[in-house]
Amino acid sequence: ASFEEHCATTASAAAVAKPVALPPHTYTNVPAYPEAPAVNVLLLDGLNTLAADQMDVRHQMLQYIGTIKPGTSLAIFTLSSRLHQLSGFTTDPAALAKALMNKKAGPQSSSLLNPDDDKQENRLIAEMDSIVLNKEIIDYMRLFQADKKAYEIDRRVAMTLEALQDLARYLSAVPGRKNLVWFSSSFPVALDPDITLVNPFKPMRNYSQQIQETSDLLAAARVAGYPVDARGFLKQPY
């Protein structure tokens, strides 16, 4: 809806800036001092990203740190079961690279994101479907599986939003604009009804209200979020 340009303010430009004369009992919220430059935060989301994709993202982050302009302020966080700070704000690329090479930054398997479990459960249901004559049992097994999957997504969404809210509170004390680059593979806004289930609406979810509350906290802290798909470019199926 709108764009705002942020440029470095030179000392000479700040020196010649003078407050605007206002009529009596008239006030302005325009700052009489130059704003602090924008700072950047990198968030590697291991809660919603497979371990193999986490390794690729970390490699790309290391390459990026080697090319940043001198004086660029960066902080690095990771998310697994909770939010971890690998590095506070620093302009030292060597310190940032060291933080990324730390064991805490290594790939971590998410307990709530395991496609192998889903494949195994689907295989089990398919095998039972071939030998069980009572299809109602199979239908309710599929419903149970979908409900279990929805619960796991509930937990991932709650943990992710809680981490983003903690990050917003932390960054609210940092002056100026903050750019949050969030590397993640998936984050649902809603779960649609599944017409293949005996009760299509049981696993249905909508997280828009929780997302809006988190977005408001980030906006109040002057944090601009930039989600980046940790899987890279994906081919569109035809």
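The values are calculated or read from the model by the stated rules, or taken from the named source; none is laboratory data. As the structure is a computational prediction, the values presented were derived from the model and not from experiment. Here the Cβ is made from the backbone with ideal geometry for all residues, glycine too, and neighbour counts use every protein chain on show. Accessible surface areas use protein heavy atoms only, side chains included; no ligands, DNA or RNA. Shrake-Rupley method; radii C 1.70, N 1.55, O 1.52, S 1.80 Å.
Based on Cα atoms of segment 159-232, Rg over Rh with Rh as the Kirkwood radius reads 1.11.
For segment 169-227, with every protein chain kept in place, what is the accessible area per residue (1.4 Å probe, Å²)? Intermediate values should be presented prior to the final figure.
Working: 3510 Å² over 59 residues.
Value for segment 169-227: 59 Å² per residue.
Remark: segment 206-218, residue by residue, has Karplus-estimated 3J(HN,Hα) of 8, 10, 4, 5, 5, 5, 5, 4, 5, 4, 5, 5, 5 Hz, where x stands for each Gly or Pro and the curve is 6.51 cos²θ - 1.76 cosθ + 1.60 at θ = phi - 60°.
Model label points for Tyr27 and Ala94, set 7 angstrom from Cα along the Cα-to-Cβ axis, are 4.9 nm apart.
Only loop residues by DSSP count here, and only those with at most 12 other Cβ atoms within 10 Å; note down the trypsin sites (Lys or Arg not before Pro) in segment 52-98 that meet that. Working shown, then result.
Values: sites: Arg58, Arg82, Lys98; in loops: Arg82.
In loop regions of segment 52-98 (DSSP not H, G, I, E or B), the sparsely surrounded trypsin sites (Lys or Arg not before Pro) are Arg82.
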